[in-house]
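Q: Below is a structure I'd like to ask you about.
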Amino acid sequence: MSEQSSWIFFISTNIGSPSVFARSRSAQYFCGIPRSSPILSLFKKDLLLEIRQQYAFYGVVLYIGATIFVLYMALEAPESRVWNGLFWVVQLFICINAVAKSFLQEAPGRMLYYHTLVSPLHFVLAKLLFNALLMLLMSALSYGLFALFLEHPVLRPAPFFGLVLLGGLSLSLVFTFLAAIAARAQQNAAIMAILGFPIIIPQLVLLMKISLSVFSATGVIPLAPILLLVVMDLLVILLAGILFPFLWKD
């Protein structure tokens, strides 16, 4: 059985069957989602494709390693503000490479097939969930390599690691939503750049300002900007759930 046939069979058997929607109340949960949910079935499909097409995953890992190694060769021990700025800029481009391809790689015929099986809300939520977990992994990896190769000026690594995960989650949600919009246009890369950077730059500036507090042993982490980031994440999820069905109809 070919790869395309196998994932089509996987989706149809996990989503199209009535048993997906008629399970007992004792169904197990994954990340708060019932295992019988179409969202989780689509998530499994994306995970299987990522495992089979490992060149994309390792390509992003190679990009992370090469970028940080070049920074190490050029700077070695940057000042804390420079370290902080470089880290978040690298996070931005890691997110573009890792997450933005999620919708751009879906062929029109494949999207039409999904249209017959699941609702647009389930589809976009599955994409948001998968890309969020992928970006959390990439963020943790990039932080580890930054701490390994470049001099580590962070005096409170635990709070900073939490900010890294929150920032990676925020970036993944925004670029997943933008990738869904760009996938409907002819010039996908241009649309991603035009829409993405004006939206993401304020978020990056906010992350940089918050994370500066962990470079001091006595600095207080501001709670208001963190809550603002969380609200922005929830707003992106809400907008994706409202607007994506209109793109789905096209």
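The values are calculated or read from the model by the stated rules, or taken from the named source; none is laboratory data. These numbers were taken from a predicted model, which means no experiment stands behind them. When we count neighbours, we look across all protein chains shown, and the Cβ atoms used for this are built from the backbone with ideal geometry, even at glycine.
Q: Name every residue in segment 63-82 that is surrounded by 12 or more Cβ atoms within 10 Å (Cβ to Cβ) and more than 25 Å from Arg156 (Cα to Cα), in order of residue number.
A: Tyr63
Matching residues to (1) of a type in the set (A, V, I, L, M, F, W, C); (2) over 30 Å from Val118 (Cα atoms):
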site	(1), (2)
Leu212	yes, yes
Ala224	yes, yes
Leu227	yes, yes
Val230	yes, no
Asp233	no, no
Val236	yes, no
Leu247	yes, no
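Q: Still on this structure: Any chance you could count how many residues in segment 93-118 are of a type outside the set (D, E, K, R) and farther than 30 Å from Gln203 by Cα?
A: Count: 11.
Q: For Ile242, indicate whether it is surrounded by 14 or more Cβ atoms within 10 Å (Cβ to Cβ), among the hydrophobic types (A, V, I, L, M, F, W, C) and either at pLDDT 85 or above or within 16 Å of the chain's Cα centre (by Cα) (or both).
A: no
Q: Additional query: Which of the residues belonging to segment 152-162 are closer than 16 Å to Leu206 by Cα and either outside any helix (DSSP H, G or I) or touching a residue at least 60 places away in the same chain (Cβ under 8 Å) (or both)?
A: Scanning segment 152-162 gives a single hit, Pro159.
Q: Keeping to segment 119-145, report how many residues are β-branched (Val, Ile, Thr) and surrounded by fewer than 21 Cβ atoms within 10 Å (Cβ to Cβ).
A: Summing the residues that are β-branched (Val, Ile, Thr) and surrounded by fewer than 21 Cβ atoms within 10 Å (Cβ to Cβ) in segment 119-145 gives 0.
Q: Restricting segment 214-229 to residues that are assigned to a helix (DSSP H, G or I) and in contact (Cβ under 8 Å) with a residue 12 or more places away in the chain, which is nearest to Ala183 (Cα to Cα)?
A: For segment 214-229, the residue satisfying everything is Leu229.
Q: Here is a further query. Scan segment 208-239 for residues that are surrounded by 16 or more Cβ atoms within 10 Å (Cβ to Cβ) and hydroxyl-bearing (Ser, Thr, Tyr) and report the count.
A: So the answer is 2.
Q: Of (1) farther than 22 Å from Val164 by Cβ; (2) touching a Ser or Thr at 6+ places or on another chain (Cβ under 8 Å); (3) hydrophobic (A, V, I, L, M, F, W, C), Leu121 satisfies all except one. Which?
A: (2)
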